[in-house]
1. Just to be sure I understand: if I project the alpha-carbon convex hull of region A:208-264 onto a plane and average over all orientations, what area do I get in nm²?
2. Under the definition of Cα pairs under 8 Å and six or more residues apart, what whole-number percent is the relative contact order of region A:272-328?
3. Can you give the local net charge around B:V13? Use residues other than it whose beta-carbon is closer than 12 angstrom to its beta-carbon, Lys and Arg +1, Asp and Glu -1.
4. Show that you can apply the helix-only estimate: for chain A, add -39,500 (n - 2.57) for every DSSP H stretch of four or more residues, divide by all residues, and state [θ] at 222 nm to the nearest 500.
5. Using the structure shown, list the pairs from A:K207/A:K276; A:K231/A:K433; A:K57/A:K158; A:K207/A:K338 with a Cα-Cα distance above 26 Å, or answer none.
6. Let me check against my output: what whole-number percent is the relative contact order of region B:2-74, with C-alpha pairs under 8 Å and at least 6 apart?
7. Using a 10 angstrom cutoff on alpha carbons, build the Gaussian network for chain A and name the most mobile of A:H265, A:H18, A:H159.
8. When N counts the residues of region B:2-74, how does its alpha-carbon radius of gyration compare numerically with 2.2 N^0.38 Å, as a ratio?
Amino acid sequence: MPISLKGGKERTMKLELHRVKISKLAWGDATSAKDGVLTVNKEELLSVLAGDERLTKVDVDFAQPGESVRILPVKDVVEPRFKLEGAGGVFPGMLSDVETVGEGKTLVLSGAAVVTTGKIVRFQEGIIDMSGPGAEYTPYSATCNVVVILENAKGIDKHEYETACRMAGLKAAAYLAEKCAGAKVDAVETYESLSLKDMPAPPTLPKVAYLYMLQSQGLLHDTYLYGVDVKKILPTYLNPTEVMDGAIVSGNCVSACDKNNTYVHQNNPVIANMFKRHGVDFNFIGCIVTNENVTLLDKRRSSSYAVKLARTLGVDGLLISEEGFGNPDADLIMNCWKAERAGIKTTLLTDEYAGQDGASQSLADSCVEGDACVTAGNANEVIVLPPMDKVIGEPEEANVIAGGWQGSLAADGTITVELQAILGSTSELGYTKLGAYTI
Amino acid sequence: MVKEIERAGLPVVHVCTIVPISLTVGANRIIPAVAIPHPLGDPSKTAEEEKQIRRRLVERSLKALQTEITDQTVFND
């Protein structure tokens with residue numbers, strides 16, 4: 001592609017999200033969307049998912065808002081999207097070719113989600129309740145969920161099972177959206193990322209970038225960027241609209257409350273809100289993606305490299321979001337003080353593990369420079385989830401899930417667990433239903 | 001645990017991968033380990049090399065235990 005020297009539109013990355021609103025699921029002969037109903041041809045969907053030798057059984061079920069339904073153990077949630085126009089396809093490097101995405105038109109089945117379930121690492125999958133007190137704590141109680149139930153072939157390694165589940169979720173999501181390509185669009189949102197040269201926002205406003213930390217500890221704690229295992233990258237620049245086309249895919253089996261599911265990446269509220277405030281409160285410079293690796297050397301290298309990128313971009317401020325907890329707190333803190341000491345203001349997005357009584361140290365690491373921090377809540381808080389009429393998956397997994405314990409599942413189906421066990425309950429991207437404001 | 005044992009009067013060496021966390025929680029003698037999933041070994045090495053890694057960590061730890069310190073100290077060699 002020729003490089004324009006004139007400036008302007010040639011350098012702009014413009015993405016339109018064409019939202020088809022879904023408020024109900026139904027089985028039917030043809031997969032399609034009409035009047036808020038996503039009709040699914042079950043056999044056709046199963047045929048899309050068939051043929052993976054790593055899976056012995058694949059089934060599909062529905063879980064809709066307000067129903068007395070519990071899903072566990074949940075691996076990932078994916079929003080159905082399909083590229084209507086523009087280069088590449090959704091989930092590049094994973095399901096589609098590696099062509100750069102983030103431009104053109106993308107169809108979104110808003111209100112629908114694909115939920116994958118299977119016993120992979122067992123303690124590191126989550127719970128979704130579609131009604132009752134648990135529903136308040138997970139955003140996926142408000143989505144119409146096409147639940148894909150995946151059982152592994154005997155003898156395959158866990159990482160192969162994880163790959164099979166990840167790909168099944170992506171395939172199902174892409175299939176559903178593609179079949180609805182002709183549906184009436186309810187709303188169009190436009191996002192425009194300009195090159196730094198063409199950015200028209202007032203030069204008096206501060207420049208703010210988003211430092212987007214991705215879980216990359218290995219052993220099934222992995223995230224993928226254009227199909228690349230993020231533990232192998234050096235921090236790099238990412239255009240915010242690329243994320244909306246699925247450039248970041250979760251391969252994570254980590255504590256459910258603060259793992260960033262693929263759905264949350266696709267709908268990252270930090271990015272959406274930074275776009276909204278671009279040119280008003282600050283100039284949104286874009287995303288720097290970085291990792292959370294398992295050696296101190298890697299943590300030091302990545303934090304230094306990310307801050308160097310921020311300095312090169314000339315930013316005044318960084319919004320830093322963490323994924324997970326424990327040793328990633330050390331990455332978060334290193335990113336914070338290295339940026340602050342380079343003269344870049346930081347705000348940290350995290351959650352807390354302060355014990356069931358909330359009295360313990362919230363983060364594993366800390367620094368004096370970290371004086372602006374937003375928390376998504378205490379993951380150790382205990383909640384009682386009353387029995388549901390129907391459970392999709394394996395209820396006894398509540399006894400081994402992170403945040404649960406032997407005895408979490410009572411005979412009548414009641415589950416007593418920490419919020420840690422509920423999918424997305426303390427999302428460090430702020431993708432939660434509950435919030436608090438300081439008055 | 002490191003702090004509680006020291007409170008009881010026994011010096012402790014904390015062998016750990018993420019040294020900043022060890023410093024934050026207040027360990028006094030710190031030995032940097034290999035990686036979070038394998039602090040005392042390295043699956044990419046041979047068994048003999050791994051044995052050497054472990055020996056070096058143990059010897060460094062014993063030396064740290066015998067070293068007088070006045071402040072939190074990271075023993076890098």
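Laboratory data are not the source of any read-out in this text; all were calculated from the coordinates shown. None of the values given here were measured: they were computed from a predicted structure. In this analysis, Cβ positions are derived from the backbone assuming ideal geometry, glycine residues included, and neighbour counts consider all displayed protein chains.
1. Average projection, Cα convex hull of region A:208-264: 4.2 nm².
2. 25 percent
3. So the environment of B:V13 carries a net charge of +1.
4. -5500 deg cm²/dmol
5. A:K231/A:K433
6. Value for region B:2-74: 31 percent.
7. Looking only at A:H265, A:H18, A:H159, the biggest GNM fluctuation is shown by A:H159.
8. 1.16
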